[in-house]
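A quick write-up on the structure given underneath.
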Amino acid sequence: MSNGSRTKADKPPTDQIHVLIADDHITVLEGLVAIIGRQADMTVVAKASNGRDAVALWREFKPDVTLLDLRMPVLDGLGAIEEIRRHDYSARIVVLTTFDTDEDISKAISAGAKGYLLKDSTSDVLLECIRKVRAGETNISPSMVAKLAAGLSYDPLTCRELEVLSLLALGLSNKEIAAKLSISEATVKTHMRAIFGKLNVLSRTGAVTEASRRGLIQIHR
């Protein structure tokens, strides 16, 4: 599916919860349309396969609740949330994703998401979330709140430390990192000590693993 589309031929009843869904995986998208479409109090007014279409369809249909994936082409979920909320600060948006790092959760909530669910959530959990968010509540599971709170307690890495960490994740040695960043090996070692301390790890492998878990870097396999 390359373009956003409306799913109903007729104008949906006003007493239903109007939902917009955006996900670039067609199977997930159609599955969500089917689940929500079976609810007497809900109707899917539009669906999109990328963030840009999601924003355009939101402006057209002004749904009560929008379900957004975080990773989408053209414009990602965070960008879509920010654009939608520039049009309406009170827009009710739920992130539905496979990513649950404290960094992802924090960014989504900071951008204005009112709900955050994983795609392996049951349909009952999903539907309850939609209803709660439509009612003006924030819906984030206790486990994700705990992750978010833990993430906020971390001493943040500096931009330079993140650069060093990213190169470390690529398997570069201290000498190679120093050459890449035009700094001395001694400075690289200083950054390494700071990174290990902030991530509470003892090794290079531990630093990469913990940084990936927190969403600070992405490891491509």
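The values are calculated or read from the model by the stated rules, or taken from the named source; none is laboratory data. Every value quoted in this text rests on a predicted model; they were computed, and no experiment measured them. Positions of Cβ are generated from backbone atoms using ideal geometry, with glycine treated the same way; all protein chains shown enter the neighbour counts.
Condition check ((1) basic (Lys, Arg); (2) at pLDDT below 85) across all residues:
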site: Cys129; (1), (2): no, no
site: Glu163; (1), (2): no, no
site: Lys180; (1), (2): yes, no
site: Ile219; (1), (2): no, yes
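The combined condition, being modelled with pLDDT of 90 or more, crowded, with 18+ Cβ neighbours inside 10 Å and closer than 30 Å to Ile17 by Cβ, is fulfilled by Arg92.
Consider region 1-46 and keep the residues that are of a type in the set (Gly, Ala, Ser) and not assigned by TED's automatic domain parsing to the domain that holds Thr98. The one that is modelled with the highest pLDDT is Gly4.
When the criteria are applied in full, Leu57 meets the requirement of being touching a residue at least 40 places away in the same chain (Cβ under 8 Å) and buried (at least 18 other Cβ atoms within 10 Å of the Cβ).
Within region 53-71, the residues that satisfy the criterion of being closer than 20 Å to Lys119 by Cβ, more than 10 Å from the chain's Cα centre (by Cα) and of a type in the set (A, V, I, L, M, F, W, C) are Ala54, Val65, Leu67. Does Leu32 satisfy the criteria of being closer than 13 Å to Leu126 by Cβ and outside any strand (DSSP E or B)? When the stated conditions are applied, Leu32 passes them. Evaluating Pro73 against the criteria (1) in a loop (DSSP other than H, G, I, E, B); (2) within 26 Å of Thr138 (Cβ to Cβ); (3) at pLDDT below 95 leaves one unmet condition, (2). Examine region 55-69 for a residue that is within 22 Å of Val125 (Cβ to Cβ), part of a helix (DSSP H, G or I) and not hydroxyl-bearing (Ser, Thr, Tyr), and state whether such a residue exists. No; the residues of region 55-69 include none that is within 22 Å of Val125 (Cβ to Cβ), part of a helix (DSSP H, G or I) and not hydroxyl-bearing (Ser, Thr, Tyr). Scanning region 109-130 for residues that are in a helix (DSSP H, G or I), buried (at least 16 other Cβ atoms within 10 Å of the Cβ) and not aliphatic (A, V, I, L, M) yields a total of 1.
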